[in-house]
Amino acid sequence: MHSPEKPATSTRAPSHLFYQSRLRRPLVDRAEGIYLWDQNGNRFIDGSSGAMVVNIGHGNRHVIDTMKEQMDRVTFAYRLHFENQPAEDLARRIAGYMPDGMDKVFFVSGGSEAVESCLKFARQYAVAVGQKQRWKIISRFPSYHGGTLGALAVTGYAALTDPFTPMMKDMPKIPAPTAYLDRDNLSMEEHGLRYADRLEETILAEGAESVLAFIMEPVGGASTGALVAPDSYYSRIREICDRYGVLLIHDEVMSGVGRTGKFLGGDYWNCRPDLIALSKGFGSGYSPLGAMVAPSRMVQPVLDTGGFQHGYTYAGNPLACAAGGAVLDEIERLDLIGNAEAMGEVLRYELVELSKRFPFIGDVRGKGLLLAAEFVEDLVTMKPLPKEQNAFQRVVDIAYDKGLIIYSRRTRGGVEGDHFLVCPPMIVTRQQIGEIVAILADTLRDLANELDLPVNK
Ligand code: PMP
């Protein structure tokens, strides 16, 4: 158990961290299932699967053994020199989970690379089919699509983008559908349509012939706190993209590979994206791994005009792909997608119960085990807590001291607000959810005391 007498901090000066750490974090020692231990023997519940990565949990024997076998055989063979069986097998299996026609898988090593590949592939496709004038990519704010300059240009997150704006193309952004904040007297479905129509307005304002693609997370990640749009949003977005010949890119880096209780977050709706970015749970923390998934009908014109002028050295290497295949084995063998759906319902119920005790929780949302709760000062106006209270950071720190890792951000629609995400590995059991919720309740009680927030009996 986590013992507060043993400080969970290290004394070593880190030479690999490039940010000011408010609190020193301990050295990690080992991990198993949903738990991590530091070198002082303190146990932590990985309530955020790292950064929503370790979907199948830590220390999975099958994945480790498969990787060891692969390492004994061959770890790296450059893709221009050799094809490799683990990559071919994984591509075929992934295609089997994709919407109809999405049958080509371009491997990369992470989420930013997956998004960057989608943006560049979309452009090359447009050029290949004679639409050279299309280059603008519309995205949403808030959003996070990656740290490389291309992915950052479509990211709606001022703190991360501001220093780099002179180095990036200014890409148009529309508001993410924070319908829960809107006070207008519309039904949820009407809200969904209204937010989706912002895409059409922006396409027309930019000049439809110049717009290449629209990128969105079907179930939001950390920046929006697991934002889910009203159902009407998704089909209207597809309609608008079709009307103006704009490609629809789904960033499923966080929501993909089962986390939402379906293989893709977009599977909850009939979204029909043209390109999909995957990562995080794909390698589940065992290996850096990501992919862009595309349909043959788009790949062929690019091949016919010389092939995709893009790629990464480590892409599709046999070790990463063997790890990805073994992760998929475990997802299938243990029915982890079914478990994510079932345990997601249990956890959501518990979060809603907590929101009754702690009325400064104004919204609980998400799908499967991609769940978030948002803090508000007032349930009627949905005003955010004052920034100075630093609630998003305090909730994480208090939980950490109690041995629970959660994830948080202060970003929401037009105004800032605090939310935290609870996203344990997809192997989580009902009893472990009980452990998580008990610590969370203690954490929220302490937070309420510290920030003078209301608590119901
Ligand atoms: N897209 C989304 C939706 C993400 O959540 C992230 C990572 N948080 C990325 C892209 C970038 O992934 P990576 O950090 O692996 O480059």
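The table below lists the values:
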read-out	value
Three-way shape label, region 275-402, alpha-carbon gyration tensor, a/c 1.5	prolate
Distance from region 91-154 to region 310-365 (C-alpha centre basis), Å	22
The chain - mean residue ellipticity at 222 nm from DSSP helices (-39,500 (n - 2.57) per run, n ≥ 4, rounded to 500)	-12000 deg cm²/dmol
Linear extension gain, Leu17 paired with Glu450, 0.36 nm per residue minus alpha-carbon span	152.9 nm
Rounded if a/c under 1.5, otherwise prolate or oblate - region 338-446, Cα gyration tensor axes	prolate
Inter-site label distance for Glu32 and Glu201 at 7 Å from Cα along Cβ, in nm	5.6
Per DSSP, loop GluC sites (Glu not before Pro) in region 82-152 with at most 16 further Cβ within 10 Å	Glu83
Cα gyration tensor category, rounded, prolate or oblate, for the chain with a/c compared to 1.5	oblate
Tail beyond 26 Å, pair distance distribution of region 63-333 (Cα, percent)	41
Relative packing of peptides 148-156, 65-73 - highest average C-beta neighbours within 10 Å first	148-156, 65-73
Positive-end residue of Asn40, Ser355, Val129, charge dipole of the chain with Cβ unit charges	Asn40
Straight-distance crosslink candidates among lysines, where the alpha carbon sits under 18 Å from Lys169 and sequence neighbours closer than 8 are dropped	Lys120, Lys132, Lys136
Within-15-Å neighbourhood charge of Thr411 [Cβ basis; K, R +1; D, E -1]	+1
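Read-outs: derived from the displayed coordinates by stated rules, not from any lab. From a predicted model like this one, the values you see are computed outputs, not experimental measurements. When we count neighbours, we look across all protein chains shown, and the Cβ atoms used for this are built from the backbone with ideal geometry, even at glycine.
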